[in-house]
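Asks: Just passing along the structure, written as structure tokens.
The values are calculated or read from the model by the stated rules, or taken from the named source; none is laboratory data. What you see is a predicted model, and the numbers here were worked out from it, not measured in a lab. Every residue, glycine among them, receives a Cβ derived from its backbone with ideal geometry; neighbour counts consider all protein chains shown. To get the accessible areas, we keep the full protein, side chains included, count just its heavy atoms, and leave off ligands, DNA and RNA. Shrake-Rupley method; radii C 1.70, N 1.55, O 1.52, S 1.80 Å.
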Amino acid sequence: MEEKSKDHWALLNPGEENELEVFGYRTQNLRRAFCLVTSILTCGFLLLVFYWKPQWRVWANCIPCPLQEADTVLLKTTDKFQRYMRKKVVCLYLSTLKFPISKNPEEPLVADRHSVINQAVLKPELKVSNFECNCSLDGKDSNSCHDIYHTFGLGLTSEEQEVRRLVCGPNAIEVGIQPIWKLLVKQVLNPFYVFQAFTLTLWLSQGYIEYSVAIIILSVISIVLSVYDLRQQSVKLHNLVEDHNKVQVTVMVKGKGLQELESRLLVPGDTIILPGKFSLPCDAILIDGSCVVNEGMLTGESIPVTKTPLPHSENTMAWKSHSSEDYRKHVLFCGTEVIQVKPSGQGPVRAVVLQTGYNTAKGDLVRSILYPRPLNFKLYNDAFKFIVFLACLGAVGFLYALGVYMYHGTGTLTEDGLDLWGVVPTADNCFQEVHSFASGKDLPWSPLCAAMASCHSLILLNGTIQGDPLDLKMFEGTAWIMEDCSADYCKFGMLDSNTIIKPGPKASWSPVEAIAILRQFPFSSSLQRMSVVTQLAGEDHFHVYVKGAPEMLAKFCKSETVPKDFPQKLRSYTIQGFRVIALAHKALKIEKLSEVQNLAREKVESELTFLGLLIMENRLKKETKPVLKELSEAHIRMVMITGDNLQTAITVAKNSEMIPRGSQVILVEANEPEDFVPASVTWQLIEDQENGLGRNETYLNIGNSSVPDGTRGSCYHFAMSGKSYQVIFQHFNSLLPKILVNGTIFARMSPAQKSSLVEEFQKLNYYVAMCGDGANDCGALKMAHAGISLSEQEASVASHFTSKMANIECVPQLIREGRAALVSSFGVFKYLTMYGLIQFIGTSLLYWQLQLFGNYQYLMQDVAITLMVCLTMSSTHAYPKLAPYRPAGQLLSPPLLLSVFLNTCFTCIVQVCAFLYVKQQPWYCEVYRYSKCFLDSQSNFSTNVSLERNGTGNATLIPGSILSFESTTLWPITTINCIMVAFIFSKGKPFRKPIFTNYMFSFLLMSALGLTVFILFSDFQAIYHGMQLIPTLTSWRVLILVAVLTQFCVAFFVEDVILQNRKLWLWIKKECGFSSKSQYRNWQKKLAEDSTWPPTHRTDYSGDGENGFINPGYEDPEQIPRAKSELGGQTPEEHFWTRL
């Protein structure tokens, strides 16, 4: 084991998903020579062990040393798998460069004071180890916005580019095509095939030539198919990333102007010029102008995304912290497509290279494909324990021979598109009459109309308006049209890069000829709003239009402009299930166009005038109710997570019957502490309201967690917002499990809160599946046990499953298939276990008399039966109706172990009785003792039957020891037993269709059974000779068949009526006092017995008893400054945010 001394050990990528520990080692020649000699003496076996265990190779050949002196490093993952990787250290020498490098330790190598290069290069040697540098613009202390503009705005010098190019390497995501010979060697050295080679040696030594040849052929086919598959994957991945390395880019070089380069020569800090359409070869920060990109490769959404330049800020705060969660709005990610650029008027659109190669977003994606995180299925762990037991049993036999959805699923509940229902304008601090779009009347000109026409992220691409469907619907409601700026508008002072909005032929009269969108602050899920700066044609001043969540936008409006009945009006629409968006306006007091680009978002989105509400409706999809009903009948709990309004979410949940009729909904509202008032949580019972229409929602359901019997009559559901969830997590952590056990609706949830919620459900031992279709769901999709993406774009890599159906019908289908796959896996495992035990018992009995089964007898069982069974047994389709309970989730569960044990007992009894009873027959003789006499009377059989003795007098088995009445009796019994258990373990309902629907499997079983019975009763000498059997009386053969049929009836009755009887096992668990160890089950029982739960119409404070708790692990990005001030300047721990 490694010792974590300060110099010997370091942590790479701390807090990230790919966090690694690195240990330094130095090769010692004496140890290396000793390992070489040992490898020769063991015929290369030690090298094979070192290949499987690279850490053993390092520990055997090297001694620990400081990382600076290491020639070998050992990398270890920090997850529960703790995988090891060995890497050689390569030193790079800057003295190889063509220009002189200063050896003065005080003089930095590169101008960027935060660069890792300055710390990593050792002086005066001018060398750096390849594991010490990270190819990123950010060092340990990230650059500020001011640093990025002033250090990199004009580009790097040629010398600095060369230094960075040497240290960081090429900007290339290189995936080589693996040579076939290398793939072949890797497959052959797999422990499974090494074990196969060992067993083949054993079979060949026993004379099983035909059987060994069959195994060799199957192994070769398996290896060839694996190599072919791996080769195809290697070629596809190579082709996917190859174009990335061949992009031509224009780079600004300080003192030399613009230069054309291959993208592989880019280094962090380079300033690149963005032309029109352009595929990004690196991650870059936009510093001048704006652009529209297609991020489908990353997010799965083909909706164009607008990127804005990094703000000009003089403070020293790191640029990511300055932009908070919205820093992605300034970053152009590698692999995405720039589809439109908009210069600012101060020159071309520029961006500074942030990361290159495998450090980019695309590089991270490719790396995750090349090195996927291993899955830790409980089935694997249980199977390993069981195989160890069987291995011990095999060792005993060898010695004896010497002296085998919290199911959580989320999905879209409503129709994809939103329909405009109406707008509610305001005037004189009051709401006016609703303008209904269903009336067919044109929307009259007003600031509200201007806001709807301009406050969006739509773009004009090849004459087609593209963008967010909600924005598109809102824009179409105004009947205005979009144009690129032409010469006609230059007279108004509008730039040719501005988007122009003007009234269309069907629009109502407007005094404004056109509106130019000068700057855009894109929508942010954390801020819940977006805004644009515009200029009306013919005017010198500028206007700001903002749209967003009504509750959020009202906070930024002047109080005198917000109607007094705003909360009531908002509630009246949301409670009907409408989607409500607020709009606001502000006239800017600036006159110069150049000042617009330097405006801070905080200044733009303040002191607004409230304009009114935009009401949109959406109906439930026709698939939603049936799917949710099916999940509910299957006792699968569903939870909705949405970014929409809480009341809208409650209405959708009721309309979709996620919340059943007659159930109580308790609103949980929590508030942060203020002044001398501690944090509080209020519980309010929501009365039944009139049902309305719904909209697009994300929901999650949590496995097999029905309400305890004692509370079914008064079923209740908690509903809360993301803000309340945050407060409860931080100040009422002890309440969180109680709420989650019956929490159904979580609205206004940010992406990080979604991930946090999934994690909290998992802590309660729920099995969580998440179904989502947006970029905001990616973190939660990854966190869930099973993530289902409704997007077919490349971003589905964030989820475990991708659905081609754009609705939640995939959720029950996945559950059905998953349950069927689990039952099939357990069935195949039980069959293979029983197959090994059946052969083990038969072989052990024959070994008692130094006998064996014949070559073709093994071939019949292994190839004709077992191989075919394993290939087709799992092909039975899932049962169409979801069962109201899950199949056994543990391989080492009592029913499964008892099934294997009892079937082993049955086959042992039948085989032992047949083995002993055949000896009592009057026609029986010990063939191996009287082989010559017997062969004289059985002239039609092979004379190669003998028993030799070696010099010590011990018997040596040769193929002649196969022919016996015992093997003739036991072979049909063991063969039919194998067929019998394959049928018994292929259980159908409730998780799979009946066995007869698996036509191929049924045909193979019937064929194998017919062939075995035919061989048993045939009197053809050729068959007996080939199968190495002895003819017996017909009555004896009938007795054998009756015995196995009796065993089948008993085994089938025990398996189907007793072991698969769920009611019986529930009764046994109840009588024996067994209870579930799941946290959520225990909480359900506690809460069912608590007469004070659930609370209604009361307020609790953080200082009240056990609820008073502050969780420092939770930190919301919007609350960082406040949190730091409350903690006296201490930086709170980051908890989940690093995951996103």
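Asks: Which residues, taken from segment 582-621, are crowded, with 20+ Cβ neighbours inside 10 Å and in contact with an Asp or Glu (Cβ under 7 Å, 6 or more places away or on another chain)?
Replies: LYS586, MET616, GLU617, ASN618, LYS621
Asks: Now for a different question. Does segment 819-841 include one or more residues that are in a loop (DSSP other than H, G, I, E, B), within 29 Å of THR1046 (Cα to Cα) and not hydrophobic (A, V, I, L, M, F, W, C)?
Replies: Checked segment 819-841: no residue is in a loop (DSSP other than H, G, I, E, B), within 29 Å of THR1046 (Cα to Cα) and not hydrophobic (A, V, I, L, M, F, W, C).
Asks: Go through (1) more than 17 Å from LEU420 (Cβ to Cβ); (2) in a strand (DSSP E or B) and name the single condition ILE615 misses.
Replies: Every listed condition holds for ILE615 apart from (1).
Asks: Continuing with the same structure: Write out, first by first residue and then by second, each pair whose Cβ atoms fall under 7 Å of each other, whose residues are 6+ apart or on separate chains, and whose first residue, in segment 595-614, is on the phi > 0 side of the Ramachandran plot while the second is surrounded by 15 or more Cβ atoms within 10 Å (Cβ to Cβ) and assigned to a helix (DSSP H, G or I).
Replies: Going by the 7 Å Cβ cut-off, the qualifying pairs are GLY612/LEU448.
Asks: Give the number of residues within segment 142-174 that are buried (at least 21 other Cβ atoms within 10 Å of the Cβ) and under 30 Å from VAL235 (Cβ atoms).
Replies: Number of matching residues: 4.
Asks: Which members of segment 1075-1130 meet the condition of being under 19 Å from TRP683 (Cα atoms), at pLDDT below 55 and open to solvent by 50 Å² or more (accessible area, probe 1.4 Å)?
Replies: Hits for segment 1075-1130 are GLY1105, GLU1106, PHE1109.
Asks: Can you find a residue that is of a type in the set (D, E, K, R) and either under 30 Å from GLN684 (Cβ atoms) or open to solvent by 30 Å² or more (accessible area, probe 1.4 Å) (or both) anywhere in segment 993-1000? Can you show your working first?
Replies: Going through segment 993-1000, the residues of a type in the set (D, E, K, R) turn out to be 993.
Filter once more, so that each one left must be either under 30 Å from GLN684 (Cβ atoms) or open to solvent by 30 Å² or more (accessible area, probe 1.4 Å) (or both): 993.
Within segment 993-1000 (the criterion being of a type in the set (D, E, K, R) and either under 30 Å from GLN684 (Cβ atoms) or open to solvent by 30 Å² or more (accessible area, probe 1.4 Å) (or both)), the answer is yes, since at least one residue qualifies.
Every residue, every condition in (1) within 28 Å of the chain's Cα centre (by Cα); (2) modelled with pLDDT of 80 or more; (3) of a type in the set (A, V, I, L, M), yes or no:
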{"position": "SER234", "(1), (2), (3)": "yes, yes, no"}
{"position": "LYS246", "(1), (2), (3)": "no, no, no"}
{"position": "VAL253", "(1), (2), (3)": "no, yes, yes"}
{"position": "LYS256", "(1), (2), (3)": "no, yes, no"}
{"position": "LEU274", "(1), (2), (3)": "no, yes, yes"}
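Asks: Look through segment 453-487, keep the residues that are open to solvent by 60 Å² or more (accessible area, probe 1.4 Å) and farther than 14 Å from ALA507 by Cβ, and return whichever of them is modelled with the highest pLDDT.
Replies: Looking at the filtered set, the residue picked out is LYS473.
Asks: Given (1) farther than 18 Å from PRO309 by Cα; (2) not in a helix (DSSP H, G or I), where does ARG571 come up short, assuming only one miss?
Replies: ARG571 satisfies all of (1) farther than 18 Å from PRO309 by Cα; (2) not in a helix (DSSP H, G or I) except (2).
Asks: Restricting to segment 785-837, name every residue that is modelled with pLDDT of 80 or more, among the hydroxyl-bearing types (Ser, Thr, Tyr) and more than 30 Å from LEU867 (Cα to Cα).
Replies: If the condition is that a residue be modelled with pLDDT of 80 or more, among the hydroxyl-bearing types (Ser, Thr, Tyr) and more than 30 Å from LEU867 (Cα to Cα), then no residue fits.
Asks: Got a sec? Which strands (runs of 3 or more DSSP E) wholly within segment 715-779 have at least 3 residues that are open to solvent by 10 Å² or more (accessible area, probe 1.4 Å), modelled with pLDDT of 80 or more and not charged (D, E, K, R)?
Replies: Output list reads 716-721.
Asks: If you don't mind, there's one more thing I want to ask. Restricting to segment 1044-1071, and then to whatever is among the aliphatic types (A, V, I, L, M) and out of contact with any helix residue (DSSP H, G or I) (no Cβ under 8 Å at 6 or more places or on another chain), can you tell me which residue is least open to solvent (accessible area, probe 1.4 Å)?
Replies: Restricting to residues being among the aliphatic types (A, V, I, L, M) and out of contact with any helix residue (DSSP H, G or I) (no Cβ under 8 Å at 6 or more places or on another chain), the top hit is ILE1068.
Asks: Only one of (1) at pLDDT 85 or above; (2) under 30 Å from LYS782 (Cα atoms); (3) open to solvent by less than 90 Å² (accessible area, probe 1.4 Å) is not met by VAL73, so which one is it?
Replies: (2)
Yes/no matrix, rows are residues, columns are (1) closer than 30 Å to TYR149 by Cα; (2) open to solvent by less than 70 Å² (accessible area, probe 1.4 Å):
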| site | (1), (2) |
| --- | --- |
| PHE198 | no, no |
| LEU230 | no, yes |
| LEU240 | no, no |
| VAL253 | yes, yes |
